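A short worksheet on the structure shown next.
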There are 2 protein chains.
Amino acid sequence: MTGFSDPIVAAGVAGLPALYASGVSPVDVTEAYLARIERLDPAINAVVELDAAGARAEARASARRWAEGKARSPIDGAPIAVKANIGVEGLVHSAGIKAYARNVAPVDAACVARLRAAGAAILGTLNMHEAALGATNDNAFLGRCTNPHRAGFTPGGSSGGSAAAVAAGLCAAALGTDTMGSVRLPSSYCGVVGYKPALGAISTEGVTALSWTLDHVGVHARSAEDAALVARACGVGEVAAAENRPLAVLDLDGLVTLEPAVAEGFARTLDDLTSAGWRLERLRIEDLDLGALRRAGLLISEVEGGIEHRRALALDPEGFTPELRSLLAWGARQTPARLAEAYRLLTETRRKILVTTAPYAGILTPTTPQQAFAFDGAIPASQADLTALGNVLGAPTYALPSGEANGLPLSLHLIGRAEGATQALAARLSQALPSATVPEAFR
Amino acid sequence: MTGFSDPIVAAGVAGLPALYASGVSPVDVTEAYLARIERLDPAINAVVELDAAGARAEARASARRWAEGKARSPIDGAPIAVKANIGVEGLVHSAGIKAYARNVAPVDAACVARLRAAGAAILGTLNMHEAALGATNDNAFLGRCTNPHRAGFTPGGSSGGSAAAVAAGLCAAALGTDTMGSVRLPSSYCGVVGYKPALGAISTEGVTALSWTLDHVGVHARSAEDAALVARACGVGEVAAAENRPLAVLDLDGLVTLEPAVAEGFARTLDDLTSAGWRLERLRIEDLDLGALRRAGLLISEVEGGIEHRRALALDPEGFTPELRSLLAWGARQTPARLAEAYRLLTETRRKILVTTAPYAGILTPTTPQQAFAFDGAIPASQADLTALGNVLGAPTYALPSGEANGLPLSLHLIGRAEGATQALAARLSQALPSATVPEAFR
């Protein structure tokens, strides 16, 4: 992402050590982000709860470490915020649900503890779609979060606050969670990198579950390099291996309808990649039904989410919106055979795609069939149809900014295989793609 | 495996091209195996149905290709047999269940089609535990299959016929299936290599399902090299990457009770590996409950297997043994919440192990807590407790022969991460382990 006038914000994560070497201190960096949050967040409502005192203390400790040549990691001193379903010691752990308004996290989630151990300054928690079950981030309890690229437009969800905060330069990077696309979808709408590592690559301990089958923790950042640095600090361990196989471009004909701007942008991206020497091969996967897969994923999320929240649902039903209550109640009414068939569709789709795509280094699609849309319009049903493939596979996946259309971001979706090789692929692809532009009011 | 006097059998899979170069023909190879089956199978009952004519035709075609320098793959001409739940065109596809006694496969399973495309001569189908749901291979319909190492002893299961046939030198290699350990467990008891590639690495199309969540197709062979060659012919695509991380030795204290001979053999193997320069680190995974995991895996298999067989159960209940009927009926009586909790335990265990073992190239345990046992003794409940971890993870795994105790084989279990790196690890480990001995009557 290019266009921030403040060199601190422009440095993202990877550029910070060079700034420290030039005399900027981690304290300056945290102060710069805290000041931007105060000034700019009211326009988008991405931040839920700040821990300014805690972040400042961590920044001071980081400054001492850098001064002594004892930095703990490349992200030591980077100000990072996390989605409100990720526990941060002493802050409200609501998952965007009013019933948990007084649920203060007693300890950090495992991923937050890892970030702190790597030296990050944890700024606080970010807005999200209620319970992570939905993709508009129009949250009645936390308030609507807005896309920094256009007032009145959704940032996407469920990690809408995370993507919006990164796009608006309110933190160096953010953590989100992704059950059917909740990191990559808002990253697509907000023009930032969304990186969902493989299932289990980042621990979900201390994260409110929506679906233990499909949940992943992921990273929102302004570059693929930043995202990989933060993911490694969270425990993503595999190193890159040489990868010389071609990329498969999934044939979407009959699978999903792309908005014209998305279809045109995707075709342009493929042309650019081919010109740059990438080997791309169109791949048809037979009998893939993205709508059926979406319904299966939703059903599983409704059943598993219903189990996760059953105590709170019994104690404080009014603490859930009627829409969410009705989704979770639907899950509870399913038969074992119907539930088993939903798991079956997921697993058999996973097997089929793994077998079909074995010769390829990864799969390319647009990240979302549409760009960000107005809150007062209809909500497209297919928003997560492409991202959900990454959850079904449990594979490492990226949303990579790929230019703009009509003043709104476009995004390329990469579904990889091995973790390290996918990080390397994403970094190389990024270099061949037009970078996203910072929304004007946030430069 | 060493000790076969016939150079054709001693050549396994990888040694065949050198024999062809020295004047032996693929026709001689297939004839040698057909003659051994006729002479030696009556003692163990590993073979269910032979396709001698088909195998001979394929051997003749292979001979022409080698003569013309047009071999299709390194396994062109290798005689391979498959478990009776894998469809072979024109042969009975029973999955060891009497209800399917007249169910002739109309086409080859995807893995068999791949083997034929690579030039293999498909010999026929092999004995198995009824429906692949059990591990003794004491099959009332197909007859009991016996361990070639000792009369009256189980070969293990469910792919007992596959492991026994490879150990007895009745085929160059065999395919099996593995839901909680059904390739690796009989490989352990029979002293052969069992290789279960990652979930989806070999297609399960055309294979009778037990559990679509846990089923994998795998390979039984006499060396890790042979197993990798056959797996690659079946579509396992990933190539090896450099791997410099240590191996984790799972701390089994309180998790499972090892027979003294297995515990002593495993300790000896670890000593040998350490002496040979391997970096091994003992790893404790907290809150791992192998018994609970086994019950969850069985419950899921009973529910999913019940769905797979529901038509036959309704039409011909007497075609299933009362034991199998009762297991499948138990599955059908579960509530959705109980089933969801079983899936949950699997997924959360998978996440936990992935997070905990990220720094390691792989995990080592014994393959089975016990050695092969007598049919007339008690059946240990924990037989698949260690192998099941590989199915829960969906990771590539190996059973590697590691010497003998009391005249019966011992086996080392390797749970890897990336497919290619695991193949390379297994090959290197094999070189450091004592090779298995061919049972006397089959030399």
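Projecting the Cα atoms of A:ALA312, A:TYR343, A:LEU299 onto the charge dipole of region A:290-347, computed from C-beta unit charges around the Cα centre, puts A:TYR343 farthest toward the positive end. Shape class of region B:315-443 from the alpha-carbon gyration tensor: oblate, with a/c at 1.5 or above and b/c at least as large as a/b. For B:PHE153, the accessible area of its heavy atoms, probed at 1.4 Å with every protein chain present, is near 40 square angstrom.
Sort B:VAL107, B:VAL249 by heavy-atom solvent-accessible area, probe 1.4 angstrom, most to least. If you can, show how the numbers build up before the last one.
Numbers: B:VAL107 95, B:VAL249 5 Å².
From most accessible down to least: B:VAL107, B:VAL249.
Checking the cross-link pairs A:LYS352/B:LYS196; A:LYS83/A:LYS196; A:LYS196/B:LYS196; A:LYS98/A:LYS196 against a 22 Å limit on the alpha carbon distance flags A:LYS196/B:LYS196; A:LYS98/A:LYS196 as lying beyond it. Since only A:ALA374, A:PRO246, A:TYR398 are under comparison, the one whose Cα sits farthest along the positive direction of the charge dipole of the protein assembly as shown, derived from C-beta charges on Lys, Arg, Asp and Glu, is A:PRO246. Here the Karplus curve 6.51 cos²θ - 1.76 cosθ + 1.60, taken at θ = phi - 60°, turns the phi angles of region A:133-138 into couplings of 9, x, 10, 10, 6, 8 Hz, with x standing for Gly and Pro.
For A:ILE285, the residues whose modelled amide H falls within less than 5 Å of its own, excluding neighbours fewer than 5 places apart on the same chain, are A:ASP251. Residue ranking by accessible heavy-atom surface, 1.4 Å probe, largest first, among A:ASP271, B:ASP6, B:ASP287, A:ASP28 comes out as B:ASP287, A:ASP271, A:ASP28, B:ASP6.
Count Lys and Arg as plus one, Asp and Glu as minus one, and take only other residues whose Cβ is under 11 Å from that of A:ILE97; the net charge is then -1.
Looking at chain B as a GNM with Cα springs under 10 Å, which of B:SER188, B:SER22, B:SER211 has the largest mean-square fluctuation? For chain B, modelled as a Gaussian network with Cα springs under 10 Å, the answer is B:SER22. Take every Cα pair under 8 Å whose residues are at least 6 apart in sequence, average their separation, divide by the length of chain A, and the relative contact order is 18 percent.
Shortest first, B:ALA381 label-point distances to identical copies amount to 4.7 nm, with the label point at 7 Å from Cα along Cα→Cβ. Taking A:ALA164, A:ALA314, A:ALA71 in turn, the Gaussian network model of chain A (Cα-Cα springs below 10 Å) assigns the largest fluctuation to A:ALA314. Summing Lys and Arg as +1 and Asp and Glu as -1 over all other residues whose Cβ lies under 12 Å from the Cβ of A:VAL217 gives a net charge of +1.
May I ask you to derive the FRET efficiency for B:ARG65 and B:ALA381 from their Cβ-Cβ distance with R0 = 41 Å, giving the value to the nearest 0.05? The pair B:ARG65/B:ALA381 has a calculated efficiency of 0.25. Taking amide H atoms as placed 1.01 Å from N in the peptide plane, the amide H of A:ALA78 lies under 5 Å from those of A:ALA121, each 5 or more residues away in sequence or on another chain. What shape does region B:7-244 have by the C-alpha gyration tensor, where a ≥ b ≥ c are the square roots of the eigenvalues, rounded means a/c under 1.5, and otherwise prolate means a/b greater than b/c and oblate the rest? Cα axes put region B:7-244 in the rounded bin.
Label zone (A:ARG325, point 7 Å along Cα-to-C-beta; backbone nitrogen cut-off 16 Å) within region A:127-170: A:131, A:140-141. The residues neighbouring A:GLY77, those whose beta-carbon lies less than 15 Å from its own, together hold a net charge of +1 under the Lys/Arg +1, Asp/Glu -1 convention.
Helices of chain B meeting both criteria, an alpha-carbon length of 18 angstrom or more along the long axis and an average Kyte-Doolittle score not below 0.0, with helices taken as full DSSP H segments, are B:26-44, B:260-275, B:290-308. About the centre of its Cα atoms, region A:292-404 shows a dipole size close to 540 debye [charges on the beta carbon of Lys, Arg (+1) and Asp, Glu (-1) only; nearest 20 debye]. When B:ARG222, B:ARG284 are compared by accessible area at a 1.4 angstrom probe, the order from most to least is B:ARG284, B:ARG222.
For region B:7-244, the dipole from Cβ point charges (+1 on Lys and Arg, -1 on Asp and Glu) about the Cα centre works out to 220 debye, to the nearest 20. For the pair region B:109-134 / region A:66-110, the C-alpha centres are spaced 52 Å from each other. Classify region A:278-361 as rounded, prolate or oblate from the Cα gyration tensor: take a ≥ b ≥ c as the square roots of its eigenvalues, call it rounded if a/c is under 1.5, otherwise prolate when a/b beats b/c and oblate if not. Because a/c hits 1.5 or more and a/b exceeds b/c, region A:278-361 counts as prolate. Comparing A:THR387, A:THR213, A:THR368 in a Gaussian network model of chain A where C-alpha atoms under 10 Å apart are linked, the largest mean-square fluctuation is found at A:THR213. For the protein assembly as shown, a crude dipole built from +1 on the beta carbon of Lys and Arg and -1 on the beta carbon of Asp and Glu, taken about the Cα centre, is about 340 debye to the nearest 20.
The values are calculated or read from the model by the stated rules, or taken from the named source; none is laboratory data. Small disclaimer: the values here were computed from a predicted structure and weren't measured. For neighbour counting, all protein chains shown are included, and Cβ atoms are generated from backbone atoms with ideal geometry for every residue, glycine included. All accessible areas refer to the heavy atoms of the entire protein, side chains included, with ligands and DNA or RNA removed. Shrake-Rupley method; radii C 1.70, N 1.55, O 1.52, S 1.80 Å.
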